[in-house]
Structure formats: structure tokens, C-alpha cells
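Chemist: Right, I'll just put the structure down here and ask away after.
The values are calculated or read from the model by the stated rules, or taken from the named source; none is laboratory data. Owing to the predicted nature of the structure, the values given are computational and were not obtained by experimental measurement. Neighbour counts run over all protein chains shown; Cβ positions are idealised from the backbone, glycine included. For the accessible areas, the whole protein counts, side chains as well, though only heavy atoms, and no ligand, DNA or RNA atoms are used. Shrake-Rupley method; radii C 1.70, N 1.55, O 1.52, S 1.80 Å.
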Amino acid sequence: QVQLVESGGGLVQAGGSLRLSCAASGRTFSSYRMGWFRQAPGKEREFVAHVSWSGLTTYYADAVKGRFIIFRENAKNMLYLQMNSLKPEDTAVYYCAADLSRSASIPTSYTYWGQGTQVTVSS
């Protein structure tokens, strides 16, 4: 089992940057493939980005491709989301998620979720 705690959210102006962090408990972090999701008010939760257990394979939603970078530091049990060129439509609660697998593909569902961190982008 793994516990996830996000941090790094806040208020930023459009065009600015933020880096979200996700701290994972446990000693088997490198066995998990990880993802970032977000949920805006009144909308469904949506996929943002995914990284394989090794960090070598990544996937992005079209809405964030070229602006966001997902990466991980297995030695520190940390997952990150570097968000650049932020837009007001990026405003949402951001969640990290984990799935126990060393497959490089995106899972159909993630098993573990954090509590979320709020990101607000002002215009």
C-alpha cells in the first residue's frame, strides 16, 4: 500500500509556472506507475499526465502537452508536475495517483489517490 500527499498548489497569474509535488510513503515507490489528474468545479476528473515506474515513459493529455512535465525521483519517493505557461483553464484541484505495476502503459484505473492540491490561475 502507498499513501500519497500532494503539495505545491497555489494562486498564479496566467503565463506563470508552478511545480506540484507528490510524496509517497513506503519503500516500493519504484514499483508504481504514477499519474496526475485534475478536477475543475462542476467538471469530471480528467487525466493530465502519466509516468512509468522507471520515469522513462510519459504520456500527456493534449491540453497540457508541451507545457507540463511529469517526472519522478524514485530515490526520494517523489513525483512532480512542472506546469509552465499556465492558463486560467488549468484551474483545478490536482491529484496524484499510483498503480502497482511495472508496465509502461497507462492503467485503466489507479489504485491509490492523494487528497489533492488546489491550483488557481488568474487571468
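Chemist: What is the one condition in (1) in contact with a Cys (Cβ under 8 Å, 6 or more places away or on another chain); (2) open to solvent by 40 Å² or more (accessible area, probe 1.4 Å) that Phe71 does not satisfy?
Modeler: It is condition (1) that Phe71 fails.
Chemist: If you don't mind, another one. Please go through region 44-75 and give me each residue that is farther than 17 Å from Gln115 by Cα, more than 11 Å from the chain's Cα centre (by Cα) and among the basic types (Lys, Arg), ordered by number.
Modeler: Lys65, Arg67
Chemist: Still on this structure: Where residues in region 47-62 are part of a strand (DSSP E or B) and of a type in the set (Phe, Trp, Tyr), which of them is nearest to Thr111 (Cα to Cα)?
Modeler: Initially, region 47-62 is screened for residues part of a strand (DSSP E or B), giving 47-51, 58-60.
Applying the additional criterion that residues be of a type in the set (Phe, Trp, Tyr) yields 47, 59-60.
Details: Phe47: 14, Tyr59: 18, Tyr60: 19 Å.
By that ranking, first place goes to Phe47.
Chemist: Any idea which of (1) in contact (Cβ under 8 Å) with a residue 24 or more places away in the chain; (2) under 14 Å from the mean Cα position of the chain (by Cα); (3) open to solvent by 40 Å² or more (accessible area, probe 1.4 Å) is the one Val93 doesn't satisfy?
Modeler: Checking Val93 against (1) in contact (Cβ under 8 Å) with a residue 24 or more places away in the chain; (2) under 14 Å from the mean Cα position of the chain (by Cα); (3) open to solvent by 40 Å² or more (accessible area, probe 1.4 Å), the one that fails is (3).
Chemist: Exactly one condition in (1) over 19 Å from Gly15 (Cα atoms); (2) surrounded by 17 or more Cβ atoms within 10 Å (Cβ to Cβ) is not met by Ser101; state its number.
Modeler: All conditions pass for Ser101, except number (2).
Chemist: If you don't mind, another one. Could you please tell me which pairs satisfy a Cβ distance under 9 Å, a separation of 6+ or placement on different chains, a first residue in region 32-54 that is at negative phi and surrounded by fewer than 14 Cβ atoms within 10 Å (Cβ to Cβ), and a second residue that is outside any loop (DSSP other than H, G, I, E, B) and among the polar types (S, T, N, Q)?
Modeler: Correct list of pairs: Glu46/Gln39; Ser54/Ser30; Ser54/Asn74.
Chemist: As an exercise: evaluate Arg38 against (1) modelled with pLDDT of 95 or more; (2) touching a Phe, Trp or Tyr at 6+ places or on another chain (Cβ under 7 Å); (3) over 15 Å from Gly116 (Cβ atoms) and give the number of the one condition it does not meet.
Modeler: So Arg38 meets the others, but not (3).
Chemist: Specify the residue that is surrounded by the most Cβ atoms within 10 Å (Cβ to Cβ); the eligible residues are those in region 106-123 that are closer than 17 Å to Cys22 by Cβ and of a type in the set (Gly, Ala, Ser).
Modeler: Gly114
Chemist: So, one more: Got a sec? Which of Lys87, Lys76 is open to solvent by 30 Å² or more (accessible area, probe 1.4 Å) and closer than 20 Å to Ser122 by Cα? Spell out how you get there, then give the answer.
Modeler: On the way: Lys76 fails: closer than 20 Å to Ser122 by Cα.
So the residue among Lys87, Lys76 that is open to solvent by 30 Å² or more (accessible area, probe 1.4 Å) and closer than 20 Å to Ser122 by Cα is Lys87.
Chemist: Can Gly26 be described as on the phi > 0 side of the Ramachandran plot and modelled with pLDDT under 95?
Modeler: Yes, satisfied.
For (1) out of contact with any Asp or Glu (no Cβ under 9 Å at 6 or more places or on another chain); (2) more than 20 Å from Gln3 (Cβ to Cβ); (3) modelled with pLDDT of 95 or more, each residue gets a yes or a no:
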{"site": "Met34", "(1), (2), (3)": "no, no, yes"}
{"site": "Ser54", "(1), (2), (3)": "yes, yes, no"}
{"site": "Tyr80", "(1), (2), (3)": "no, no, yes"}
{"site": "Tyr94", "(1), (2), (3)": "no, no, yes"}
{"site": "Ala98", "(1), (2), (3)": "yes, no, yes"}
{"site": "Ser101", "(1), (2), (3)": "yes, no, no"}
{"site": "Ser109", "(1), (2), (3)": "no, no, no"}
